[in-house]
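Single-structure report; data block below.
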Amino acid sequence: MRRGVRLCITGSEVMNGFVLDRNTQFFASELYALGLELVESRILHDDKEQILKTWREFSETGDIIVNSGGLGPTSDDLTVDLLCEWLGDQPIYEPHAEKRTRYFFERRARDKTRAISVEVALRQARIPSRAQAIRNTVGLAPGIFIPEQRFIALPGFPDEIRGMWQETLDKISSLGLQRSATRIIPVWGVGESQLFTGLEVPEGVSVGVHALPWGCRLFLRDAGAGESILNAAAEAVGARYPAQVSEDPLREVIEYCSANSLTLSLAESCTGGLAAKQVTDVAGVSAIFKGGAVTYANEAKQNLLKVQANLIEEFGAVSAECARAMAAGAAQLFDAKLSLAFTGIAGPDGGSAAKPVGTVFIALHDARSAETRVGKFMFPFGRDRFRAATVACGFLALRQYLMAAEKKPWPLAEFI
């Protein structure tokens, strides 16, 4: 019988909708990429009977149980005490967690305005005596691994889970779950209908898909065909879309610019700073990113980017001509070698017959050659998705431009 993983997300704050459950998505995507099966996921209140009932039910299946939440100092953090009750065990302080917790809260206790009982705080440093600890490098509460029960407990905070994930995977691997060969292929700039038109999936390969900000992520898994056939199917997708398969176009752009001493700037109107936000989310990007300007109003385009008023009057702020001037202006303003500019109509109002809602112009300027390229796109998706698609399109276009300069085996896409 094939075994999998069953997930419990514990926390009344999650069940009541006060906190968004991001952990199920993380666990599911990580397990899928590893070829493991997430059989079931449940969100539970901080309720003793409900949690114990679920653990016992899951335990009878032989699947691995991963519990997220309930490792903390407060009275509704039930995981350690319930595990001890379930196993007939006693809690102990995990030495590393105890040391860190005492150090942190004894320092705070010296500040009378932030005084807190160290004994209360130490509740989160406990594990059952029969358990192995999973080191928490971000927070204070250690994870818990109980091999004979095939049980893993992790905190509820996503950042802490990510910091503990590699060690957690090592624990899961030690339990000997069977894995399925899996390929995950991000195809940018392609909708689901286009992707599946002419897509040939061999028998014995299961397929799934979900949307990217602009494109699709294709999932292929060996369902009996064998890994060589799975590899051939994945290679066929890459051959069909050679310019558009990339795990992260923005990161590739940043890596290329870093390696080639190129700098980048941005001029944004309809995207409202989203492009700059995504760039600065990448650690170390200060080496190549010179800055960005959110020039929402026409006056800002004119004053900051030196877009001529008569150009806007003649062609409009949403035009190829304005996008071209914005990109060149950003490169000059920030003294950058490369620049991207975005100007469009996010909606829901402001469109016209000639330029309906969803219209956007993206310009790419290369100060080394004084060359500027402009593309016109249509993303009638609503404001949030419009912005996400526009930014993704710009970064993919820049990636393709840079790769073409290196004479890589993929050309510029038609849109650029």
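The values are calculated or read from the model by the stated rules, or taken from the named source; none is laboratory data. Given the structure is predicted, the values throughout are model-derived calculations rather than measurements. Cβ: placed from backbone, ideal geometry, glycine included. Neighbour counts: every protein chain shown.
Brief remarks follow.
- Residue in the stretch 220-235 that is of a type in the set (Ser, Thr, Tyr), out of contact with any helix residue (DSSP H, G or I) (no Cβ under 6 Å at 6 or more places or on another chain), at pLDDT 95 or above and in a helix (DSSP H, G or I) present: no
- Picking from residues in the stretch 266-315 that are surrounded by fewer than 23 Cβ atoms within 10 Å (Cβ to Cβ) and touching a Cys at 6+ places or on another chain (Cβ under 7 Å), the one that is farthest from THR390 (Cα to Cα) is LEU311.
- Any pair with Cβ under 9 angstrom, 6 or more apart, that starts in the stretch 251-268 at a residue that is in a helix (DSSP H, G or I) and ends at one that is basic (Lys, Arg): GLU252/ARG399; VAL253/ARG399; TYR256/ARG399; CYS257/LYS337
- The conditions of being over 22 Å from the mean Cα position of the chain (by Cα) and among the β-branched types (Val, Ile, Thr) are met by VAL39.
- Any hit, the stretch 147-170, residues being in contact with an Asp or Glu (Cβ under 8 Å, 6 or more places away or on another chain), closer than 28 Å to THR79 by Cβ and assigned to a loop (DSSP other than H, G, I, E, B): yes
- The combined condition, being farther than 14 Å from ILE146 by Cα and in contact (Cβ under 8 Å) with a residue 12 or more places away in the chain, is not fulfilled by LEU82.
- Residue within the stretch 381-390 that is in contact with a His (Cβ under 8 Å, 6 or more places away or on another chain), hydroxyl-bearing (Ser, Thr, Tyr) and crowded, with 20+ Cβ neighbours inside 10 Å present: no
- Condition check for LYS277: of a type in the set (Lys, Arg) and part of a helix (DSSP H, G or I): yes
- Among the residues of the stretch 367-391, those identified as polar (S, T, N, Q) and outside any helix (DSSP H, G or I) are SER369, THR372.
- LEU36 being surrounded by 17 or more Cβ atoms within 10 Å (Cβ to Cβ) and without any contact (Cβ under 8 Å) to a residue 60 or more places away in the chain: no
- Considering the stretch 42-63, and only residues there that are farther than 22 Å from LYS171 by Cα and under 29 Å from the mean Cα position of the chain (by Cα), the residue that is surrounded by the fewest Cβ atoms within 10 Å (Cβ to Cβ) turns out to be HIS45.
- Criterion (under 30 Å from ARG217 (Cα atoms), assigned to a helix (DSSP H, G or I) and in contact with a strand residue (DSSP E or B) (Cβ under 8 Å, 6 or more places away or on another chain)) met by exactly one of LEU398, LEU340, LEU364: LEU398
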